[in-house]
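The values are calculated or read from the model by the stated rules, or taken from the named source; none is laboratory data. Treat the numbers as computed from the prediction; the structure is a model and nothing was measured. Reconstructed Cβ throughout: ideal geometry from the backbone, glycine too, with neighbour counts over all protein chains shown. Keep in mind that these areas ignore ligands, DNA and RNA; they rest on the heavy atoms of the full protein, side chains included. Shrake-Rupley method; radii C 1.70, N 1.55, O 1.52, S 1.80 Å.
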Amino acid sequence: MKHLESRRYIIGGIFLIIGLIFLIRLFYVQVIDDHYKLDADNNVLRRIIKYPARGLLYDRNGSLLVFNEAAYDLMITPKQLTEDFDTLKFCQLLDIGVEDFIAKVEKAKKYSYYKASIFEKEISARSYSKIQEQLFNFPGFFVQTRTLRSYPQNTASHLLGYVGEVNAKKVEEDPYYKSGDHIGISGIEKSYEEVLRGQRGVERVLVDVFNREKGKFMDGAYDSSAISGSNLQLTIDAALQQYGELLMQNKKGSIVAIEPNTGEILALVSMPAYNPNLLVGRERSTNYQKLTKDTLNPLFNRALMAKYPPGSIFKSINALIGMEEEVLTPNTYYSCNQGYYFAGRKMGCHAHRSPVNLAYSIETSCNAYYCNVFRNIIENYPTAEEGYLVWSEYVSRFGLGQKTGIDLPNELQGFVPGTDYYDRYYGEGRWKALTILSLAIGQGELGFTPIQMANMTATIANRGYSIQPHIVKAINNELIDSLREIKRETGISKKHFDEVVNAMAKVVKQGTGTLAKLDSIEVCGKTGTVQNPHGDDHSTFIAFAPKDNPQIALSVYVENGVWGSRWAAPIAGLLIEKYLTDTIADRRKWIEERMLNGNLIANSADSGNETHE
């Protein structure tokens, strides 16, 4: 009996163990392993991501620059594909090949058998209308709505930027993003991504075995709504931006226009440009490859990323530094015999009367005058290094050789050499003012971006200070006033700026910038010719107007335009006139016509008969 009783315990123990095994397995299947849960849920539930509409972009006057259009992602859940799936009919519906279909299905299976992934992305509303009625015949497929950007005015492509699919690195770094999401890649779209993107939502829908939606799961209790991104009002004037692009068509270069007393960017032109609508939708990758191979480099934002020597427009800065350092007065005269002679060499200059005072030196852009000024600034200190450090500190206060802080990505900082640069090149203590004399006329190692030169011009217009340049004026109609408080002072007396401003007014009235002269508005400007070792010199011009109440300050660079008076000055004058008067005077129509028709890319521009440096 004891033997039978012990056997009973053993048999009971076996059944208990078997029961425990089943219980553990059941717990594993139902709670831990989601394989079966996914299989069941995906047969009755569909989880649909609700992508938010990105914020809209408007110009300073309320003109719409960027809006959203509906588009559709065709999603696939491989586990739901049936054996009798009509592959040929499906391929005809989507206008794709069978091999392409097989490849995309295999890609989806590698991602997951049970989770939905994108089969065909960014289908237009027109194409979707053909697919919608037939989609219930194809189990495993459903559509997810999203929006794509549209650019109604086809302008400001570098400034606005574009949106593309998020890469794997970003998905790994930022938990907000999932594979297939869109993200700002460049321009405003990138720098204000978190403001523009909004917040995605989720909708859970019941579907039957025929892939037809039967209603919301639990009456939407577990759904979340998408929250649209914030709308931005930009500082730019769309009409001025478009006009600047027209004037710069068939040319390489840039225009940056600023409202001096606010730091608001009125126009930011980089040419050649591209149609922003090319980088939208299913053709984006193809078009992007074409643009990257274009030898004119239309994706390159010259306004923020091209570095040029400033040329003669920099003479105004050396004049201001010289007066503040008390080595120069408005009545200081220097002789110019078509150049400055030193150490058996000559810094050439064009013919003009001599001797020259400060006002006339700016009006006629005398090289010899500024060789004397620069030399006196540097040699006013015991060593060249000390003098150079003082000089370069003044230059930095104009925002030159450093980033302006504009709210756009990829701004380069420019270049002002440090003393260590010359120590490495010439040897410590073995260089002096004459060694680096090319800096006197804005040449040599200096390299500034057009946005820095425009900001410098705004500093002169404000008689000694600048406000940080920025592109966004308001978010959801709330003004961003804090940006106007970021102020940079030069530390140079206002009376010295008055002297330079008066001289710059003479440049336009009777000097090298007369093609920027307007009838009823006093324009101040300075022409420049930027030496270019790779071809014709670059034409540059800085200007602001009106003289005593500046509302616009700008820099214009026209690559291979030779003299500042030939291309940059007339373009600047037209832009100022268009912005302040909304028209072009009849007497200046010929200038407008010539700028619009000028083609420097094809080397077909006429030589002209303008005065020049």
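Basic side chains Lys and Arg get +1 at the Cβ, acidic Asp and Glu get -1 at the Cβ, and with that the dipole of the stretch 147-208 about its Cα centre reaches some 120 debye. Between the stretch 330-354 and the stretch 148-201, the C-alpha centres lie 54 angstrom from each other. Straight-line cross-link reach from K170 at under 19 Å between alpha-carbon atoms covers these lysines, not counting any fewer than eight positions away in the same chain: K178, K190.
Computed 3J(HN,Hα) for the stretch 546-556, one whole-Hz value per residue from the Karplus formula 6.51 cos²θ - 1.76 cosθ + 1.60 where θ = phi - 60°, is x, 4, 9, 8, x, 10, 8, 10, 8, 10, 10, glycine and proline marked x.
In the chain, carbon and sulfur make up what percent of the accessible area (probe 1.4 Å)? Percent of accessible area from carbon and sulfur atoms in the chain: 49.
The long axis of helix 450-461 is offset from the longest Cα principal axis of the chain by roughly 50 degrees.
Against the chain, whose longest principal axis comes from its Cα atoms, helix 367-378 is set at around 80 degrees. Ignoring aspartates and glutamates fewer than eight residues from K578 along the same chain, the ones with Cα atoms less than 18 angstrom from its Cα are D59, D237, E245, E259, E264, D519, E522, D586, E592, E593.
For the chain, the relative contact order comes to 13 percent (Cα pairs under 8 Å, sequence separation of at least 6).
Measuring r between the beta carbons of E133 and E393 and using R0 = 56 Å, the FRET efficiency lands at 0.20. Distance between the 7 Å Cα→Cβ label points at I102 and I521: 6.7 nm.
Positive-end ranking of T295, S285, M305 along the dipole of the stretch 278-332, with charges on Cβ about the Cα centre, is headed by S285. Normalised by residue number, the volume inside the convex hull of the Cα atoms of the stretch 315-471 is 118 Å³ per residue.
Could you point to the residue in Q468, I441, S354 farthest towards the positive end of the chain's charge dipole, with +1 and -1 charges on the Cβ of Lys/Arg and Asp/Glu respectively? My answer, from the dipole projection, is Q468. Shape class for the stretch 396-504: oblate, because the ratio a/c of the largest to smallest gyration tensor axis (alpha-carbon atoms, square roots of eigenvalues) is 1.5 or more and b/c is at least a/b. Tell me which trypsin sites (Lys or Arg not before Pro) from the stretch 166-200 have a DSSP coil assignment and no more than 12 other beta carbons within 10 Å of their own. For trypsin sites (Lys or Arg not before Pro) across the stretch 166-200 that sit outside H, G, I, E and B with at most 12 neighbouring Cβ atoms in 10 Å, the list reads K178. Pairs with C-alpha atoms separated by more than 30 Å, drawn from the list K104/K169; K121/K403; K487/K526, are K121/K403. Once backbone amide H atoms are built at 1.01 Å from N, Q551 has A545 as its partners under 5 Å, excluding neighbours fewer than 5 places away on the same chain.
Ellipsoid fit via the Cα gyration tensor, the chain: semi-axes of 66, 28, 21 Å, each the root of five times an eigenvalue, largest first. Here the stretch 249-390 is assigned +1 on the Cβ of each Lys and Arg and -1 on the Cβ of each Asp and Glu. Its dipole about the Cα centre then comes out at about 980 debye. Packing, as the average of other Cβ atoms within 10 Å across residues, places the peptides 261-268, 277-284 in the order 261-268, 277-284, highest first. Computed over the chain, the per-residue total of -39500 (n - 2.57) for DSSP H runs of n ≥ 4 gives a 222 nm mean residue ellipticity of -10000 deg cm²/dmol, rounded to 500. Can you give the angle from 0 to 90° between the axis of helix 315-324 and the longest principal axis of the chain, with both taken from C-alpha atoms, to the nearest 10? In the chain, helix 315-324 runs at an angle near 70 degrees to the longest axis. Here's how it looks for V163: its modeled amide H is under 5 Å from those of I185, which are all 5 or more places away or on a different chain.
Charges were assigned to the Cβ only: +1 to each Lys and Arg, -1 to each Asp and Glu. The resulting dipole of the stretch 482-610 about its Cα centre is roughly 340 debye.
May I have the pair-distance distribution P(r) for the stretch 461-613, computed from all Cα-Cα distances with 5 Å bins from 0 and rounded to whole percent? So the P(r) values, bin by bin, are 2, 9, 16, 18, 17, 15, 11, 8, 4, 1, 0. Working note: Karplus 6.51/-1.76/1.60 with θ = phi - 60° gives the stretch 565-579 the couplings 6, 7, 10, 5, 5, x, 5, 4, x, 5, 5, 4, 4, 5, 6 Hz, where Gly and Pro are set to x.
Of the peptides 322-330, 347-355, the order by per-residue mean of other Cβ atoms within 10 Å, starting with the highest, comes out as 322-330, 347-355. Across the options F90, N61, I183, the greatest Cα extent toward the positive end of the charge dipole of the chain (unit charges at beta carbon of Lys, Arg, Asp, Glu) belongs to F90. Across the stretch 79-93, computed HN-Hα scalar couplings (Karplus, 6.51 cos²θ - 1.76 cosθ + 1.60, θ = phi - 60°) run 4, 8, 5, 9, 5, 8, 4, 8, 4, 4, 5, 5, 5, 5, 5 Hz from first to last residue, x flagging Gly and Pro.
Taking a ≥ b ≥ c as the square roots of the Cα gyration tensor eigenvalues, the stretch 348-417 comes out oblate, since a/c reaches at least 1.5 and a/b does not exceed b/c. Residues whose amide H comes within less than 5 Å of that of E122, counting only those at least five positions distant or on another chain, are Y72, D73, L74 (H built at 1.01 Å from N in the peptide plane).
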